[in-house]
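The values are calculated or read from the model by the stated rules, or taken from the named source; none is laboratory data. All figures in this text were calculated on a predicted structure; none of them were measured in a lab. Here the Cβ positions follow ideal geometry from the backbone for every residue, glycine too, while neighbour counts run over all protein chains shown. These accessible areas exclude ligands, DNA and RNA; they are computed on the full protein's heavy atoms, side chains included. Shrake-Rupley method; radii C 1.70, N 1.55, O 1.52, S 1.80 Å.
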Amino acid sequence: MSHFKEQDTESRLQNGEPAPPSSNVDMHAEAASSNSLKPHLVEQKNGKRKSDMTLEEMYNNQYDFGDDEEDDSDWEPSALPAHNVVEIPKWFCLNCTMLNIGDDSHCDVCGEHRESGILKRGFLASALCREEGVTENGAHAADGLRDPLMQRVASDNPTAIGFDKRMLLHEEVVMKSHPHPERPDRLRAIAASLATAGIFPGRCYPISAREITREELVKVHSLENIEAVELTSRVFSSYFTPDTYANQYSATAARLAAGLCFDLAAAIWSGSAKNGFALVRPPGHHAGVKHAMGFCLHNNAALAALAAQITGAKKVLIIDWDVHHGNGTQEIFEKNKSVLYISLHRHEGGKFYPGTGSSYEIGSMGAEGYCVNIPWGRGGVGDNDYIFAFQHVVLPIATDFDPDFTIISAGFDAARGDPLGGCDVTPAGYAQMTQMCCALSGGKVLVILEGGYNLRSISSSATAVIKVLLGENPRQNVEQVMPSKAGVRAVLEVLNIQMNYWPSLEPKFSKLQAEWGWYTLEDKS
């Protein structure tokens with residue numbers, strides 16, 4: 001396997017470019033060696049039912065980007081006379097990755113200028129204008145996060161950030177018909193936003209990065225998972241599932257992400273940090289005991305919970321607000337009464353990826369009630385529904401559980417404008433939920449980045465969350481929240497199930513049903 005020079009890697013990362021590929025000969029030789037990874041690494045197959053589709057398949061089919069090879073197999077554009085060929089320009093939006101046809105300067109889907117400065121100044125850059133220059137503050141923000149000169153912060157700063165730019169090397173190296181939504185630019189946009197706002201570097205402090213050890217991994221994952229991820233370092237390009245890619249740097253990136261989450265949890269529990277934010281990728285909440293899937297290789301939140309318990313926490317709460325159900329996290333802890341898992345996610349009767357997360361999935365083997373799923377029955381769910389669910393389900397159960405440590409699996413793909421999530425949560429909504437979480441476990445809170453694929457949405461939402469961790473109060477007033485009918489129905493259903501395990505919910509359910517039951521019967525909107 002050929003290796004590019006370290007200085008070339010550094011230069012490309014700083015400029016926001018992918019790492020240089022191996023030669024074609026190397027790629028074919030390494031592709032042949034990938035047979036040893038089966039059945040863990042599989043090829044994409046066509047003709048799947050909708051319920052079996054992966055995130056990427058749903059993503060591509062929704063907008064119909066794929067080419068029909070069968071229909072076009074006998075058509076040769078080169079055989080046509082040159083004067084009959086009209087080449088239609090197309091481009092993919094930097095912000096949301098959506099395909100645009102024509103010479104327009106702005107994305108038809110999200111409105112972002114095709115040459116905006118979102119990777120230089122984050123969400124603080126104008127979405128409407130071309131970025132004319134590069135400012136020193138935001139030009140290479142992701143690179144600057146590891147610069148010791150930029151990391152000089154006051155020793156009493158309460159909020160720690162976990163980041164390492166080697167996680168930017170994890171990317172899909174074989175270009176498909178559409179850019180993969182889980183891409184390095186996600187971290188670059190957040191880093192640029194934090195740098196431009198003077199938050200990090202500045203008001204937060206970094207922790208040193210290290211790769212998690214095999215001894216730590218085996219306490220959550222099977223050897224099957226660990227060895228399958230390790231094997232990808234020998235292959236130029238490989239896939240665990242059709243939408244979960246790896247390259248030769250992915251195993252290192254996954255171990256760094258897990259190691260940062262592990263050490264942040266330990267630092268918060270020990271008191272060296274009040275709270276923390278793990279700016280990491282690949283994400284983790286779909287990774288189960290054995291299998292990598294849904295863009296996730298190792299389960300970062302589960303390993304952080306393990307770290308908190310090793311260092312002394314008896315009870316750990318995991319709140320997962322990613323738009324997709326964290327099936328991996330649920331699997332890992334569904335028989336464990338020392339970890340309470342609460343997930344708010346789009347479900348639609350199991351039709352939304354990954355199909356798990358029904359309100360009737362409550363835990364097992366004596367741990368019933370320690371898995372709480374709040375499944376939305378439709379898309380478009382926004383701030384009011386999430387805050388309503390927090391007020392009537394999340395906080396009452398969490399308060400009864402009385403956790404020593406709180407972890408937020410913070411996917412921002414339920415955010416307004418996300419191409420996969422189709423929901424409507426705003427940065428103010430995420431800030432309000434964070435503030436509610438900070439009232440738990442004495443403020444010992446670790447926020448871990450999961451999904452989120454619109455760069456402007458993810459960077460503005462992450463910044464809003466970190467501001468709350470730093471002690472700023474959200475501006476949103478949550479005294480009078482008007483949820484949707486679908487939101488009320490979901491909350492009432494969950495309360496009706498969970499009050500069998502959390503008795504304090506019974507009077508809350510009765511009161512809520514009396515106040516809102518009529519509202520849910522008017523229609524099914």
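List of remarks:
- Sorted peptide list for 450-462, 416-428, criterion being average Cβ within 10 angstrom, highest first: 450-462, 416-428
- Cα gyration tensor category, rounded, prolate or oblate, for region 253-332 with a/c compared to 1.5: prolate
- Gyration tensor verdict on region 295-448 (Cα atoms; rounded if a/c is under 1.5, prolate if a/b is larger than b/c, oblate otherwise): prolate
- Scoring 349-358, 335-344, 258-267 by mean Cβ neighbours within 10 Å over their residues and listing the highest first yields 258-267, 335-344, 349-358.
- Long-range HN-HN contacts of V372 with modeled amide H, under 5 Å: Y341, I342, S343
- Cα-based shape type of region 202-282, given that a ≥ b ≥ c are square roots of the gyration tensor eigenvalues and the cut on a/c is 1.5: prolate
- HN-Hα J in Hz across region 280-291 - Karplus 6.51, -1.76, 1.60, θ = phi - 60°, x for Gly and Pro: 10, 7, x, x, x, 6, 8, 6, x, 4, 9, 10
- Listed pairs K274/K314; K274/K351; K176/K485; K165/K337; K290/K315; K120/K467 exceeding 28 Å between Cα atoms: K274/K351; K176/K485; K165/K337
- For A278, the residues 5 or more places off, or on other chains, whose built amide H falls under 5 Å of its own are G162, V447, I448, L449.
- Only the Cβ atoms of Lys and Arg (+1) and of Asp and Glu (-1) were treated as charged; on that basis the dipole of region 175-333 about its Cα centre amounts to roughly 380 debye.
- Taken one residue at a time, the phi angles of region 100-109 give Karplus couplings (6.51, -1.76, 1.60, θ = phi - 60°) of 10, 10, x, 9, 4, 7, 10, 5, 5, 8 Hz. Gly and Pro are set to x.
- Averaged over its residues, region 396-525 has an accessible area of 38 Å² per residue, based on protein heavy atoms and a 1.4 Å probe.
- Between M365 and E215, the FRET efficiency estimated from the beta carbon spacing at R0 = 25 angstrom works out to 0.45.
- Here's how it looks for G382: its modeled amide H is under 5 Å from those of D424, which are all 5 or more places away or on a different chain.
- Normalised by 2.2 N^0.38 Å, where N is the number of residues, the C-alpha radius of gyration of region 368-525 stands at 1.03.
- Net charge contributed by nearby residues that have their C-beta within less than 14 Å of G122 (K/R +1, D/E -1): +3
- Residue by residue, region 383-394 carries 3J(HN,Hα) couplings of 3, 4, 5, 5, 5, 4, 5, 4, 5, 9, 10, 4 Hz when phi is fed to the Karplus relation 6.51 cos²θ - 1.76 cosθ + 1.60 (θ = phi - 60°); x denotes Gly or Pro.
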